[in-house]
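Asker: There's a structure below that I have some questions on.
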Amino acid sequence: QTRGNLDIISLGLGTCGTMVGLTSDLKQRKPDLDIIACCPAPGQAVPGPREECLLKDVTFDWQNIASARVDLEAKESFAASTKLLRRGIMGGPSSGMNYAGLLKHLESLKTEGKLSDMVKNSKDGKLSSIFLCCDSPLQHIDEYFEVLDESNFPPVHPVKEEDLH
């Protein structure tokens, strides 16, 4: 999908096996690949990924692979997932965390003045950025309503009989 162009990849940290396995080959092809490790912020629950304090037992060497780590609140992750869903992408809260982490990282690069240099140094004047869509929202439906407030769920209006014809 990126035609071999990839500048930034955003992934969550659970066992870290996906990050290590997926990016080891990618890093050989593109040594300056920006790898973003996404974690729930301390005390936040996002199904699947672990917050930093729970990564102590992980044996995969993710620290030497990740370019940056982004911590996200559960609300950010679930809200980002609803944005994906409204765009037709069936990504659950972990996918939302990876998406929100990518956006947060891009914003920090912009704030630091690094983003424009990255774009200038890219092959075609564009950055190819991806996030891992790793879960479905279906098993977490109840959690969306526990984590997010009503403003995230606009009212559903009944369809009028005449609109059906």
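Asker: Tell me which residues, restricted to region 33-51, are part of a loop (DSSP other than H, G, I, E, B) and touching a residue at least 12 places away in the same chain (Cβ under 8 Å). First the steps, then the outcome.
Answerer: Going residue by residue through region 33-51, those that are part of a loop (DSSP other than H, G, I, E, B) are 33, 41-51.
Selection gives Leu33, Ala41, Pro42, Gln44, Ala45, Val46, Pro47, Gly48, Pro49, Arg50, Glu51.
Asker: Further question on the same structure: Tell me, yes or no, whether region 56-68 has at least one residue that is more than 19 Å from Tyr144 (Cα to Cα) and in contact with a Pro (Cβ under 8 Å, 6 or more places away or on another chain).
Answerer: Within region 56-68, the subset more than 19 Å from Tyr144 (Cα to Cα) is 56-68.
Add one more test, that the residue is in contact with a Pro (Cβ under 8 Å, 6 or more places away or on another chain), and what stays is none.
No, region 56-68 contains no residue that is more than 19 Å from Tyr144 (Cα to Cα) and in contact with a Pro (Cβ under 8 Å, 6 or more places away or on another chain).
Asker: Given the criterion within 27 Å of Lys114 (Cβ to Cβ), open to solvent by less than 80 Å² (accessible area, probe 1.4 Å) and not aromatic (Phe, Trp, Tyr), identify the matching residue among Ala74, Ala66, Ala45. Please lay out each step first, then the result.
Answerer: Values: Ala74 fails: within 27 Å of Lys114 (Cβ to Cβ); Ala45 fails: within 27 Å of Lys114 (Cβ to Cβ).
Being within 27 Å of Lys114 (Cβ to Cβ), open to solvent by less than 80 Å² (accessible area, probe 1.4 Å) and not aromatic (Phe, Trp, Tyr) holds for just one of Ala74, Ala66, Ala45, which is Ala66.
Listed here are the residues, each with its yes/no results for (1) farther than 30 Å from Val156 by Cα; (2) of a type in the set (Gly, Ala, Ser).
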| residue | (1), (2) |
| --- | --- |
| Thr23 | yes, no |
| Ala37 | yes, yes |
| Gln63 | yes, no |
| Gly92 | no, yes |
| Leu106 | yes, no |
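One line per residue, one yes/no per condition, for (1) under 22 Å from Thr23 (Cβ atoms); (2) at pLDDT 95 or above; (3) in contact with a Ser or Thr (Cβ under 6 Å, 6 or more places away or on another chain):
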{"site": "Arg69", "(1), (2), (3)": "yes, no, no"}
{"site": "Ala74", "(1), (2), (3)": "no, yes, no"}
{"site": "Asn98", "(1), (2), (3)": "yes, yes, yes"}
{"site": "Tyr144", "(1), (2), (3)": "no, yes, no"}
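Asker: Name the residues in region 1-32 that are among the hydrophobic types (A, V, I, L, M, F, W, C) and in a helix (DSSP H, G or I), would you? Talk me through it step by step, then tell me what you get.
Answerer: Our first condition is that a residue be among the hydrophobic types (A, V, I, L, M, F, W, C); within region 1-32, this holds for 6, 8-9, 11, 13, 16, 19-20, 22, 26.
Selection gives Met19, Val20, Leu22, Leu26.
Asker: Right, another one. For Val159, state whether it is over 27 Å from Asp32 (Cβ atoms) and aliphatic (A, V, I, L, M).
Answerer: Details: over 27 Å from Asp32 (Cβ atoms): yes; aliphatic (A, V, I, L, M): yes.
Judged against the criteria, Val159 is a match.
Asker: Looking at Ser81, Ser108, Ser94, Ser151 in this structure, which one is part of a helix (DSSP H, G or I), hydroxyl-bearing (Ser, Thr, Tyr) and over 29 Å from Thr15 (Cα atoms)?
Answerer: On the way: Ser81 fails: over 29 Å from Thr15 (Cα atoms); Ser108 fails: over 29 Å from Thr15 (Cα atoms); Ser94 fails: over 29 Å from Thr15 (Cα atoms).
Answer to the selection: Ser151.
Asker: Among the listed residues Asp124, Asp61, Asp117, Asp57, identify the single one that is open to solvent by 60 Å² or more (accessible area, probe 1.4 Å), without any contact (Cβ under 8 Å) to a residue 24 or more places away in the chain and assigned to a loop (DSSP other than H, G, I, E, B).
Answerer: Checking each option against the conditions leaves just Asp57.
The values are calculated or read from the model by the stated rules, or taken from the named source; none is laboratory data. Keep in mind that what you see is a predicted model, and the values were worked out from it rather than measured. As a convention, Cβ positions derive from the backbone with ideal geometry for all residues, glycine included, and neighbour counts pool all protein chains shown. Accessible surface areas use protein heavy atoms only, side chains included; no ligands, DNA or RNA. Shrake-Rupley method; radii C 1.70, N 1.55, O 1.52, S 1.80 Å.
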